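**Student:** I am attaching a structure below and will ask some questions about it afterwards.
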Amino acid sequence: MHIKDKILMDREGLEKEGPITIVAYGDSVTHGALLDEINYETVYWNLLRKKILNVRNYVPVNVINAGIGGVTAAESVKRIDKQVLAHNPDLVIVCFGLNDVTRDPEEYLSALRTIFQKCKNSGADVIFMTPNMLNTYVAKDTPEKYLDFAAFTAECQNSGKMDLLINSAVKLAREMEIDVCDCYCEWKKLSKTQDVTMLLINRINHPVPKMHELFADSLFKIIFKDMPEVLLENSSTMRCADDEKFLPQR
């Protein structure tokens, strides 16, 4: 049963099917990392949970946070059964890439293929959410301990390495008939008019809290894409990708 169907359940349906269960499976952004702290209130999956409950709050929406800072997709394959599928999720949101760009691209794609297939085999819906962009330069206010790493990640972004990695992952997901929530594409659009490095709270790879709304809104649209009346009532706070009023200025 899909979330869009579950959200409309009555008591009999709730007793039979149980609450909506979502597992968010990823790295530090999913974990809830900001600068040097974790914030579970502003992270995208919590915002998504609230948006779904805004449709109809009779059916509980539970989100399991299976994000761990610093991990790659390949490192996460070994924990999928225990930390993701054991919860019998209705939906698994898969978001890796920020750490994988430092590794072999084939290792990343192989891991995603395994993750996608295991989730599909379990009967869960799967959404591959592409991550945000990395920094494009070393900002003056980058924490000193991260200066060298910031230079490295900027090179990964500017050289096209990150683009190639994410584009390859999107291609794989579509070949496997996995829904794609392409937030990386939205960040690329923003980069044409905005300084995206200033949208990263650590000036490397962690979005400012406000940008987690982009993730939540985009996921919401994917989940309820067949219910235009719901999308209309819960119109995106992002409005459009090039709305400069919404975004913080450098």
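The values are calculated or read from the model by the stated rules, or taken from the named source; none is laboratory data. If you're wondering where the values come from, they're calculated on a predicted model, not measured in any experiment. As a convention, Cβ positions derive from the backbone with ideal geometry for all residues, glycine included, and neighbour counts pool all protein chains shown. Heavy atoms of the whole protein, side chains included, go into the accessibility calculation; ligands, DNA and RNA do not. Shrake-Rupley method; radii C 1.70, N 1.55, O 1.52, S 1.80 Å.
**Student:** Just add up the charged neighbours of Met162: K/R +1, D/E -1, any other residue whose Cβ is under 12 Å from the Cβ of Met162.
**Tutor:** Working: positive: Lys161, Lys188; negative: Asp100, Glu155, Asp163.
Charge balance near Met162 sits at -1.
**Student:** Right, another one. So for each of 164-175, 33-44 I average, over its residues, the number of other beta carbons within 10 Å; can you give me the resulting order with the highest mean first?
**Tutor:** On the way: 164-175: 17.2, 33-44: 15.6.
Highest-to-lowest ranking by the protection proxy: 164-175, 33-44.
**Student:** Considering only protein heavy atoms, what is the solvent-accessible area of Ile178 at a probe of 1.4 Å, reported in Å² to the nearest 10?
**Tutor:** Ile178 has an accessible surface of roughly 10 Å² with all protein chains in place.
**Student:** Would you work out the relative contact order for the chain, in percent, from Cα pairs under 8 angstrom that are 6 or more residues apart? Please report the intermediate quantities before stating the final value.
**Tutor:** Working: 398 pairs, mean separation 53.3, N = 250.
Here the relative contact order equals 21 percent.
**Student:** Could you calculate the FRET efficiency of Ser110 with Ser159 from 1/(1 + (r/R0)^6), where r is the beta carbon distance between them and R0 is 30 Å, rounded to 0.05? Intermediate results must be reported in sequence, preceding the final value.
**Tutor:** On the way: r = 23 Å, r/R0 = 0.75.
Working from the Cβ atoms, E equals 0.85.
**Student:** Averaged over all directions, how much area does the convex hull of the C-alpha atoms of the range 40-167 cover when projected, in nm²?
**Tutor:** Values: hull surface 37.5 nm².
Projected area, direction-averaged: 9.4 nm².
**Student:** How far apart, in nm, are two points set 7 Å out from the Cα along the Cα-to-Cβ line at Lys140 and at Asn121?
**Tutor:** Taking the simple label geometry, Lys140 and Asn121 are separated by 5.4 nm.
**Student:** With both bridge residues required to lie in the range 1-80, what share of the DSSP beta bridges run antiparallel, to the nearest 5%?
**Tutor:** Details: 1 of 8 bridges.
Antiparallel: roughly 10 percent of the beta bridges in the range 1-80.
**Student:** Hey, what angle do you get for helix 105-122 against the long axis of the chain, alpha-carbon based, 0 to 90 degrees rounded to 10?
**Tutor:** Orientation of helix 105-122: about 10 degrees from the principal axis.
**Student:** Additional query: For a 30 Å ceiling on Cα separation, which of these pairs sit above it: Lys50/Lys161; Lys140/Lys188; Lys145/Lys171? Walk me through the intermediate numbers first.
**Tutor:** Values: Lys50/Lys161 35 Å; Lys140/Lys188 22 Å; Lys145/Lys171 36 Å.
Violating the 30 Å limit, Cα to Cα: Lys50/Lys161; Lys145/Lys171.
**Student:** Fully extended, how many nm does the chain gain between Asn54 and Lys210 (0.36 nm per residue separation, minus their Cα-Cα distance)?
**Tutor:** Values: separation 156, 0.36 × 156 = 56.16 nm, distance 1.90 nm.
The span from Asn54 to Lys210 would gain 54.3 nm if fully extended.
**Student:** At what distance in angstrom do the alpha carbon centres of the range 103-129 and the range 133-155 lie from each other?
**Tutor:** Distance between centres, Cα-based: 29 Å.
**Student:** Going by a ≥ b ≥ c, the root eigenvalues of the Cα gyration tensor, does the range 76-136 fall in the rounded group (a/c under 1.5), the prolate group (a/b larger than b/c) or the oblate group?
**Tutor:** Working: a/c = 2.34, a/b = 1.74, b/c = 1.34.
Prolate shape, in that a/c is at least 1.5 and a/b is the bigger ratio.
**Student:** Next question. Compute the acute angle (0 to 90°) between the alpha-carbon long axis of helix 212-223 and the principal axis of greatest extent of the alpha-carbon atoms of the chain; round to the nearest 10°.
**Tutor:** 40 degrees
**Student:** Order 20-30, 48-58 from most to least packed using the mean count of other Cβ atoms within 10 Å. Walk me through the numbers on the way to the answer.
**Tutor:** Numbers: 20-30: 25.0, 48-58: 16.8.
The packing order, highest mean first, is 20-30, 48-58.
**Student:** Now, a different point. Rg/Rh for the range 172-230 to two decimals, with Rh computed the Kirkwood way over all alpha-carbon pairs.
**Tutor:** Working: Rg = 13.7 Å, Rh = 13.1 Å.
Taking Rh as the inverse mean 1/r over Cα pairs, Rg/Rh reads 1.05.
**Student:** A further question follows. Divide by every residue of the chain the summed helix terms, -39500 (n - 2.57) for each DSSP H run of at least 4, and state the resulting mean residue ellipticity at 222 nm, rounded to the nearest 500 deg cm²/dmol.
**Tutor:** Helix-only estimate at 222 nm: -12000 deg cm²/dmol.
**Student:** So how far, in whole Å, is the C-alpha centre of the range 187-233 from the one of the range 19-89?
**Tutor:** Each part reduced to its Cα centre gives a spacing of 16 Å.
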